[in-house]
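The structure under discussion is supplied below as structure tokens; questions concerning it will follow.
Derivation of every value follows stated rules applied to the coordinates shown; laboratory data play no part. What you are looking at is a predicted structure, and each value in this text was computed from that prediction instead of being measured. Please note: Cβ atoms are built from the backbone with ideal geometry, for glycine as well, and neighbour counts cover all protein chains shown.
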Amino acid sequence: MKVLVAVKRVIDYNVKIRVKPDHSDVDLTNVKMAMNPFCEIAVEEAVRLKEKGVATEVVVVTIGPKAAQEQLRTALALGADRAIHVQTDERVESLAVAKLLAKVVEEEQPSLVRLGKQAIDTDNNQTGQLLAALTGLAQGTVASEVVVDGDTLQVTREIDGGLQTLELSLPAIVTADLRLNEPRYAKLPDIMKAKKKPMDVKTPEDLGVETASRVSLVKVESPAERKGGIKVGSVDELVDKLKNEAKVIS
Amino acid sequence: MIRDPELLSQLLDTISRFVRERLIPNEERLAEEDAVPPELLEEMKEMGLFGLSIPEEYGGLGLTMEEEALVAMEIGKTSPAFRSVFGTNNGIGAQGILIDGTQEQKAKYVPRLATGEILSSFCLTEPDSGSDAASLRTTAIRDGDHYILNGTKRYITNGPEADLFTVMARTDPANKGAGGISAFIVQGDTPGLIRGPADNKMGQKGAHTCDIIFDNCRVPAENIIGGKEGQGFKTAMKVLDRGRLHISAVCVGVADRLVEESLHYAMERKQFGAMLADHQLIQAMLADSKTEAYAGYAMVMDAARRKDTGENVSTLASCCKLFCAEMVGRVADRAVQVHGGAGYMAEYAVERFYRDVRLFRIYEGTTQIQQLVVARNMVREAS
């Protein structure tokens, strides 16, 4: 079984996000970048499938600037076999990403496509779903457990109010939730070896996909600073404050 | 020399993340239990931390001195006891075999040192010979195809756990100087090798030292490093530059951590209606520590780069060790001062680091030995 994993380069989860002084965007100057944590979970899941002998090849793909190859190298160090880099310096939105990935899926014909449920930069939670629509493949999103059983997948999803288990037939698309697994650290010698694994570089033009933005970014602002909380003396006082001060209930 | 910047940044990112997510949260446990948690030890082996400076052909990473210094700075950001566990396999425990060992000795031991399958230790110091190492008294007397070792070694890092010891012993009793000393590879299970109880140290809990006693310990003659008598002290001296630069880099990493802890505390705590970090006398301490840590960084990086080009850095390595060990002592002292009363309490990391860093001025050559090395080299070069 061939598994394709899509990963994204985002600001490292430890970095305090700052907005540019002119509010045009998030300030990325000298900011540490890393693989999106949900994508790491997706990579880990694919590598585990390979270790179990279920997957025969793990291919990792990303879309982004040249520097995004660092995240591909990370995935290769973690155990992926080869990488595809769709290189672009443009801001690519979820739909363009999904279209590009659909082309890669068409070329690679994987049995299973794994993604993170969302990226921690813009938190859109769209790409997996859009990709499923474009390719017509079955989808299991926000997966907390995935069991491969022959040509089918059992995907457990964390939904409001409980767990939902779906059965999908392969080929399928699965997006990873936080509790699916705990990703490993790359072994240092594997990081050295990853340099020698193959990486194929393409452009959106090569794939025949037009990535022009459909959304224009007007302004970016930091969230309002939180004010200190207060303690209330009774339920009545709480209800009163929610009604009359916060005006969140009526 | 950095062979591949992109690759190195990946290595450093991975190590930094492991330090932040796995080691730092377990510092207190390490100190309380006086042991590296077994699962963390396994993770450290898995990651490849035992083979940082061991060549790739033996399964290590073959880091250059500059690369190793940067890695040591990352590792310095957590309790030095974590580093101590894999420090000997990368340093004095393996380098002797690597530099002067025979092909058979390298092939037999080094790959297993690189994976951490065997833990190594280095026996030089004795009850009556510390800084004056060349006067050591442990003897190794030839008896057929064996040597018989007798003597006591003191403060031996990883002594309680090590599987393999590099032991300096006098093979020529008539020669009281360095030329009478040979280096031996001694397996931990050799009859006559006795481990004393673990020492009760001031700090660096979790890293263990003990006496190693040789009582008619028979070691095969083929275990003499390099196959020749009288080379031991030279072998020991060859590993010093690397070790001194490595420890200097660790000092810089610890200093960075202490600056970070101090800044964080100074920005949280309020006194006289303003955060500590807004008070100028606190700012002076923060700035002095930051500046000194950066000076140490610059020194270590310069000396490491020079070593990678083949330059003799004996003087510079001692300059680095001298400055960085003293520097991190001052930085730790200020870190406690910035924390005020809290800095004296065990619940704050700076209290533990204050005790941990005291050792840096003592091991791998005391500050005073570094002063002597630097000054003697200066005089020798000028005359």
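Restricting to chain B, compute how many DSSP beta bridges are antiparallel as a %, nearest 5.
85 percent
Calculated FRET efficiency, A:Glu225 and A:Leu134, Cβ-Cβ r, R0 45 Å, to nearest 0.05?
Computed FRET efficiency for A:Glu225 and A:Leu134 comes out at 0.65.
Determine the dipole magnitude for region B:120-230: charges of +1 sit on the beta-carbon of Lys and Arg, -1 on that of Asp and Glu, nothing else is charged, the reference point is the Cα centre, and the result goes in debye to the nearest 20.
In debye, rounded to 20, region B:120-230 gives about 240.
For chain B, what does the helix formula give at 222 nm: sum of -39500 (n - 2.57) over DSSP H segments with n ≥ 4, over the residue count, nearest 500 deg cm²/dmol?
The per-residue figure over chain B is -16000 deg cm²/dmol.
Average partner chain C-beta neighbours within 10 Å, per residue of B:54-65?
Details: counts 0, 0, 3, 0, 0, 1, 3, 4, 2, 1, 0, 0.
Per-residue shielding by partner chains comes out at 1.
May I pose another question? Using 22 Å as the Cα-Cα cut-off, could you pick out the over-long pairs in A:Lys2/A:Lys32; A:Lys8/A:Lys99; A:Lys187/B:Lys321; B:Lys290/B:Lys321? Walk me through the numbers before you get to the answer.
Values: A:Lys2/A:Lys32 32 Å; A:Lys8/A:Lys99 15 Å; A:Lys187/B:Lys321 30 Å; B:Lys290/B:Lys321 18 Å.
Over 22 Å apart, Cα to Cα: A:Lys2/A:Lys32; A:Lys187/B:Lys321.
If you line up the long axis of helix A:69-78 against the longest principal axis of chain A, both from Cα atoms, how many degrees apart are they, to the nearest 10?
70 degrees
Which whole-number percent gives the relative contact order of region B:191-253, counting Cα pairs below 8 Å spaced six or more residues apart?
28 percent.
What FRET efficiency comes out for the pair A:Thr56/A:Glu167, r = Cβ-Cβ distance, R0 = 25 Å, nearest 0.05?
0.65
Same structure, new question: Among the aspartates and glutamates, which have Cα under 14 Å from the Cα of B:Lys45 when same-chain residues fewer than 8 positions away are ignored?
B:Lys45 reaches A:Asp190, B:Glu117.
For chain B, what does the relative contact order come out to in percent, with C-alpha contacts under 8 Å and a separation of six or more?
16 percent
Still on this structure, I have one more. For a footprinting-style exposure proxy, rank A:Val155, B:Val336, A:Val26 by other Cβ within 10 Å, fewest first. If you can, show how the numbers build up before the last one.
Working: A:Val155 23, B:Val336 19, A:Val26 15.
Arranged by neighbour count, lowest to highest, A:Val155, B:Val336, A:Val26 become A:Val26, B:Val336, A:Val155.
For A:Lys219, give me every one of the lysines with a C-alpha distance below 16 angstrom, ignoring sequence neighbours fewer than eight places off in its own chain.
A:Lys20
Still on this structure, please answer the following. Going by C-beta contacts inside 10 Å, put A:Ser94, B:Ser318, B:Ser182, A:Ser216 in order with the fewest on the left.
Going from least to most buried by this count: A:Ser216, A:Ser94, B:Ser182, B:Ser318.
Residue farthest toward the positive end of the dipole of chain B, with Cβ of Lys/Arg at +1 and Asp/Glu at -1: which of B:Leu240, B:Ala335, B:Tyr297?
B:Leu240
Under 8 Å for C-alpha pairs, at least 6 residues apart: give me the relative contact order for region B:279-383, rounded to a whole percent.
Reported relative contact order: 29 percent.
Quick one: order B:Phe122, B:Phe272, A:Phe38 by neighbouring beta-carbon count within 10 Å, fewest to most.
B:Phe272, A:Phe38, B:Phe122
Cysteines without a disulfide-compatible partner in chain B, using Cβ under 4.7 Å as the rule?
Lacking a cysteine Cβ partner under 4.7 Å: B:Cys123, B:Cys210, B:Cys217, B:Cys319, B:Cys320.
While we're on this one: Can you tell me which of A:106-119, A:232-245, A:141-154 comes out highest on packing, and rank the rest after it, using the mean Cβ neighbours within 10 Å? Let's see the in-between values first.
On the way: A:106-119: 21.6, A:232-245: 10.9, A:141-154: 16.4.
Sorting A:106-119, A:232-245, A:141-154 by mean packing, highest first, produces A:106-119, A:141-154, A:232-245.
What Kirkwood hydrodynamic radius, in Å, does region B:1-147 give when the mean of 1/r is taken over all pairs of distinct Cα atoms and then inverted?
Computed over region B:1-147, the radius equals 16.9 Å.
Roughly what % antiparallel, to the nearest 5, for the DSSP beta bridges in chain A?
40 percent
Nearest 20 debye, what's the magnitude of the dipole of chain B about its Cα centre given +1 on Lys and Arg Cβ and -1 on Asp and Glu Cβ?
Around 1020 debye, computed over chain B.
Please tell me which of these pairs span more than 19 angstrom C-alpha to C-alpha: A:Lys52/A:Lys103; B:Lys106/B:Lys228; B:Lys153/B:Lys201? Before the final figure, lay out the partial values.
On the way: A:Lys52/A:Lys103 28 Å; B:Lys106/B:Lys228 15 Å; B:Lys153/B:Lys201 17 Å.
A:Lys52/A:Lys103, as the Cα separations exceed 19 Å there.
For the ranges B:342-352, A:221-231, what's the packing order if you count other beta-carbon atoms within 10 Å of each residue, average per peptide, and put the highest first?
Put in order of decreasing packing, that is B:342-352, A:221-231.
Distance between the C-alpha centers of region A:1-71 and region B:306-383? Whole Å please.
Answer, in whole Å: 39.
Something else: Calculate the dipole size of the protein assembly as shown relative to its Cα centre from +1 charges on Lys and Arg beta carbons and -1 charges on Asp and Glu beta carbons; express the result in debye to the nearest 20.
Numbers: 77 positive and 92 negative charges, 255 e Å.
Value, rounded to 20: 1220 debye.
Can you give me the convex hull volume of the Cα atoms of region A:172-234, divided per residue and expressed in Å³?
With only Cα atoms used, region A:172-234 gives 376 Å³ per residue.
Run through the DSSP bridge list for region B:85-197 and note the antiparallel percent, rounded to the nearest 5.
70 percent
For B:Ala375 paired with A:Asp123, estimate the spin-label separation in nm (one decimal), with each label point 7 Å from Cα along the Cα-to-Cβ line.
Each label point is offset 7 Å from its Cα along the Cβ direction, giving 6.3 nm.
For the protein assembly as shown, report the translational diffusion coefficient in µm²/s to the nearest whole number, using Stokes-Einstein at 4 °C, 1.567 mPa s, and a Kirkwood Rh over Cα pairs.
47 µm²/s
Continuing with the same structure: Positive end of the charge dipole of the protein assembly as shown (Lys, Arg +1 and Asp, Glu -1 on Cβ, about the Cα centre): tell me which of B:His146, B:Val254, B:Thr366 has its Cα farthest that way.
B:Thr366
Mean residue ellipticity at 222 nm from the helices of chain A, using -39,500 (n - 2.57) per DSSP H segment of n ≥ 4 over the full residue count, to the nearest 500 deg cm²/dmol? Could you put the intermediate results ahead of the total?
Details: 6 runs with 66 residues, N = 250.
The per-residue figure over chain A is -8000 deg cm²/dmol.
Between A:Asp25 and B:Ile99, take the C-beta separation as r, use R0 = 41 Å, and let me know the FRET efficiency to the nearest 0.05.
Values: r = 53 Å, r/R0 = 1.29.
Plugging the Cβ-Cβ distance into 1/(1 + (r/R0)^6) gives 0.20.
Within region A:72-101, name every residue whose backbone N is under 14 Å away from a label modeled 7 Å from Cα of A:Ala212 along the Cβ vector.
Counting only backbone N, you get no residues.
Hey, how many Å between the Cα centroid of region B:148-192 and the Cα centroid of region B:279-302?
Answer, in whole Å: 41.
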